[in-house]
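To start, the structure itself, in structure tokens.
The values are calculated or read from the model by the stated rules, or taken from the named source; none is laboratory data. Remember, it's a predicted structure, so these values are computed and weren't measured experimentally. Because the Cβ atoms are built from the backbone with ideal geometry, glycine has one as well, and the counts that use them run over all protein chains shown.
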Amino acid sequence: MAQNQFDPRDLETLDRDLDRLSAIEVASNYVSRPIVGPSLAIVFIAIAGLASATMFGFSNGGFLIVLAAIFGAYMALNIGANDVANNMGPAVGAKAITMAGAIAIAVVFESAGALIAGGDVVSTIAKGIIDQSALSNTQSFIWAMLAALLASALWVNLATWIGAPVSTTHSVVGGVMGAGIAAAGLASVNWPTMSAIAASWVISPVLGGVIAASFLALIKSRIIYQEDKIQAARKWVPILLGIMAGAFATYLALKGIKKLLKIDLSTALGIGVAAGILVTILMFPVIKKQSEGLENRNKSLKVLFRIPLLVSAALLSFAHGANDVANAVGPLAAIVQASQSGMVEGTAAIPLWVMIIGALGISFGLFLFGPKLIHMVGNQITKLNPMRAYCVALSAAITVIVASWLGLPVSSTHIAVGGVFGVGFFREWDADRRRQRLQIELSKSDLPGREEKKRRKLVRRSHFMTIIAAWVITVPSAALISAAIYLVFSNL
């Protein structure tokens with residue numbers, strides 16, 4: 001009987017053993033976490049390669065198609081990891097949605113945009129970057145497209161790793177330019193087009209920042225700084241939501257449904273005006289009811305902007321999927337067409353299986369690697385709330401419309417991040433202006449000193465410089481990597 005008696009020390013021993021097992025489990029999870037994402041990414045890339053090998057084999061140009069499918073899948077993953085953060089970052093930073101919710105919304109709408117409204121025809125020479133006659137040899141063209149695809153993917157991967165949101169479009173352009181120069185010399189480059197793209201490095205973020213700052217100034221002057229904030233919100237929020245509805249209706253008509261329906265700028269603007277007026281009228285009673293019982297303070301105003309912010313993020317993701325999927329699958333589609341026809345065509349039709357690789361790759365890339373850049377855009381540049389994030393989202397749509405009207409090539413990444421910077425710098429300027437007004441009431445000894453003002457900067461300068469530097473070197477870096485890869489490919 002003595003052997004079967006309960007001994008409290010047995011429980012203590014068991015607890016210690018369980019604690020050791022728990023510690024081992026936590027440590028294992030911590031060690032394996034960095035491996036899970038890359039492992040799943042490799043599996044997706046392998047599946048894309050195997051699927052293309054099943055369809056085309058490895059003979060009669062099939063090997064090159066398989067290689068292109070692998071590179072295209074890799075590029076799509078990187079687009080999802082880097083580019084999509086621009087749409088979801090402000091909403092997450094404003095705490096209008098959780099990281100998991102943002103990823104779920106983006107995955108659904110990015111995929112829908114790519115599969116439903118993704119362009120069914122793309123330019124094989126990336127919008128005229130390289131003179132087509134310079135790469136008339138089919139074999140040289142295919143190797144150049146392979147080099148461009150791999151180089152742009154590697155550069156975006158590096159940018160994501162260092163935490164810099166860059167333009168995937170500019171990465172592809174740089175990749176095509178570098179491969180073209182390596183294949184046919186400097187004369188093959190369309191330098192006027194490259195000059196326009198270089199100009200967009202400045203135009204996109206500045207225009208996005210100015211528009212975002214302008215709307216934030218409007219919100220502050222007409223709502224936040226009013227004595228009765230709730231009454232002011234009832235008047236202005238429906239108008240602001242109408243402007244957003246009009247901007248996004250025009251934006252989607254121009255950029256989001258190109259495959260389904262061709263619409264010119266004037267027609268798109270007419271659609272936008274009609275949508276804006278309708279939404280404004282409908283929102284007056286909705287906002288009035290939603291604002292009942294709210295306290296007269298800034299925190300209450302955030303409630304009125306949360307849902308519009310989520311809608312805007314979803315619409316931006318849809319339009320992004322419709323447009324930027326071509327960055328991943330455009331060169332792949334061109335390689336497939338050139339391999340099968342033996343000719344270099346001016347445009348290339350995108351087969352459904354190619355579009356699926358692009359859509360799934362963007363979604364997987366966002367799910368596996370997106371949180372890092374979402375956190376960067378949403379939290380680390382400047383502090384966002386629903387009103388500031390609303391200004392960023394609205395500026396993205398309006399800037400694309402203005403750029404389309406002016407015929408300027410712009411980057412959605414530069415616009416969105418420029419909008420975040422614009423909001424942050426406007427807050428700094430507005431805070432300094434309000435502090436200067438206090439000089440009349442406060443003595444100099446009561447005012448914050450120079451070091452204190454420096455500490456109160458609302459935009460992190462280190463992130464600002466990192467991102468600007470990454471933008472400037474994207475095209476030349478992708479071009480150099482692409483040229484090196486092309487030279488390796490051509491000598492194999």
Report summary line: Scanning the stretch 134-157 for residues that are surrounded by fewer than 21 Cβ atoms within 10 Å (Cβ to Cβ), touching a residue at least 40 places away in the same chain (Cβ under 8 Å) and in a helix (DSSP H, G or I) gives ALA134, THR138, SER140, ASN157
Report task. Would you check if there is a residue in the stretch 347-361 being under 16 Å from PRO90 (Cβ atoms) and either under 22 Å from the mean Cα position of the chain (by Cα) or part of a helix (DSSP H, G or I) (or both)? Result -> no
Requested in this report: Please go through the stretch 138-167 and pick out each residue that is touching a Leu at 6+ places or on another chain (Cβ under 9 Å) and of a type in the set (Phe, Trp, Tyr).
Outcome: PHE141, TRP143
Report summary line: Counting only residues in the stretch 158-190 that are touching a strand residue (DSSP E or B) at 6+ places or on another chain (Cβ under 9 Å) and crowded, with 24+ Cβ neighbours inside 10 Å, the one nearest to ALA41 (Cα to Cα) is identified as VAL176
Requested in this report: Read through the list (1) among the polar types (S, T, N, Q); (2) over 30 Å from TYR225 (Cβ atoms); (3) at pLDDT 85 or above, then give the number of the only condition that SER339 fails.
Outcome: (3)
**Report entry** Where a residue in the stretch 417-438 is crowded, with 17+ Cβ neighbours inside 10 Å and its partner, wherever it lies, is outside any helix (DSSP H, G or I) and not β-branched (Val, Ile, Thr), with Cβ under 7 Å and at least six apart
**Finding:** VAL417/PRO165; GLY424/LEU458; ARG427/LEU458
Query - Some residue of the stretch 417-438 being at pLDDT below 85 and either among the hydroxyl-bearing types (Ser, Thr, Tyr) or closer than 26 Å to SER171 by Cβ (or both) - result: no
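If you take the residues in the stretch 92-106 that are touching a residue at least 40 places away in the same chain (Cβ under 8 Å) and closer than 16 Å to LYS372 by Cβ, which one is surrounded by the fewest Cβ atoms within 10 Å (Cβ to Cβ)?
Applying the first criterion (touching a residue at least 40 places away in the same chain (Cβ under 8 Å)) to the stretch 92-106 yields 92-97, 99, 102-103, 105-106.
Add one more test, that the residue is closer than 16 Å to LYS372 by Cβ, and what stays is 92-93, 99, 102-103, 106.
On the way: VAL92: 25, GLY93: 25, MET99: 14, ALA102: 28, ILE103: 22, ALA106: 29.
The residue in question is MET99.
With the condition kept exactly as written, say whether any residue in the stretch 290-305 is closer than 22 Å to THR413 by Cα and within 24 Å of the chain's Cα centre (by Cα).
Checked the stretch 290-305: no residue is closer than 22 Å to THR413 by Cα and within 24 Å of the chain's Cα centre (by Cα).
Does GLY180 meet the test of being part of a helix (DSSP H, G or I) and more than 19 Å from the chain's Cα centre (by Cα)? If you could, list the steps in order and put the result at the bottom.
Details: part of a helix (DSSP H, G or I): yes; more than 19 Å from the chain's Cα centre (by Cα): yes.
It is true that GLY180 is part of a helix (DSSP H, G or I) and more than 19 Å from the chain's Cα centre (by Cα).
So, ILE335, is that one over 21 Å from SER411 (Cα atoms) and without any contact (Cβ under 8 Å) to a residue 60 or more places away in the chain or not? Can you show your working first?
On the way: over 21 Å from SER411 (Cα atoms): yes; without any contact (Cβ under 8 Å) to a residue 60 or more places away in the chain: no.
Against the criterion (over 21 Å from SER411 (Cα atoms) and without any contact (Cβ under 8 Å) to a residue 60 or more places away in the chain), ILE335 does not qualify.
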Requested in this report: Please work out which one of (1) at pLDDT 55 or above; (2) assigned to a helix (DSSP H, G or I) is the condition GLU25 fails and give its number.
Outcome: (1)
Query raised in the report: Across the stretch 34-87, what is the total count of residues that are part of a helix (DSSP H, G or I), surrounded by 20 or more Cβ atoms within 10 Å (Cβ to Cβ) and modelled with pLDDT under 85?
Result: 3
Query raised in the report: Can you tell me how many residues in the stretch 383-417 are within 25 Å of TRP236 (Cα to Cα) and not in a helix (DSSP H, G or I)?
Result: 3
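Tell me, yes or no, whether the stretch 300-319 has at least one residue that is more than 30 Å from ILE224 (Cα to Cα) and in contact (Cβ under 8 Å) with a residue 40 or more places away in the chain. Walk me through how you get there before you give the answer.
First pass over the stretch 300-319, keeping only residues more than 30 Å from ILE224 (Cα to Cα): 318-319.
Going one step further and asking which of them are in contact (Cβ under 8 Å) with a residue 40 or more places away in the chain, we end up with 318-319.
Within the stretch 300-319 (the criterion being more than 30 Å from ILE224 (Cα to Cα) and in contact (Cβ under 8 Å) with a residue 40 or more places away in the chain), the answer is yes, since at least one residue qualifies.
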